[in-house]
Amino acid sequence: MKAVIAAAAAALVLGAGSAANAQNGAGTTVHGGHICLWTYQIDHTKVVNPTTVLFYTKDGHVWQNNLKGPCPGLEMHGFNFMANADQICGPEIGIRILQTGQVCSLGEFSPVAGDQHAAK
């Protein structure tokens, strides 16, 4: 009987976790009221302009980040994350321009409507 109750409780917890992931996308979590992306779930990024970057996740979602300010060189040189963890959270993390080393601050992540991407 205890095993059945334990199994039911585990299923309930797993089901609740799945519902939360479905709401936020499998590649995201919410931390301190901010949307966070798991870095290993990011398929690729696209720099739209010096203040906007799109993050494409492996589950087909697209997340827009409007940087806190213009980031010169972003379009030309690309960037890497300044993160010690497996997540990046806006606006708590920055990106570093590859060639110049300039640091730019992320803004909040927001979902892009009709975000099921097909190709890179």
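The numbers here are math on the coordinates, done by the rules we state, and not lab data. Keep in mind that this is a model prediction, so the values were computed, not measured. Every residue, glycine among them, receives a Cβ derived from its backbone with ideal geometry; neighbour counts consider all protein chains shown.
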(request) Sort I42, I95, I35 so the one with the fewest other Cβ atoms within 10 Å of its own Cβ comes first. (result) I42, I35, I95
(request) Could you calculate the contour length gain from V112 to E75, that is, 0.36 nm times the residue separation minus the distance between their Cα atoms, to one decimal place in nm? (result) 11.3 nm
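What full-extension length gain, to one decimal in nm, is calculated for Q102 and M82 as 0.36 nm per residue of separation minus the Cα-Cα distance? Each step should come with its number before you reach the end.
Numbers: separation 20, 0.36 × 20 = 7.20 nm, distance 1.13 nm.
Length difference between fully extended and current span is 6.1 nm.
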(request) Could you check the simple spin-label distance between D59 and I42, using points 7 Å along Cα→Cβ, in nm with one decimal? (result) 1.7 nm
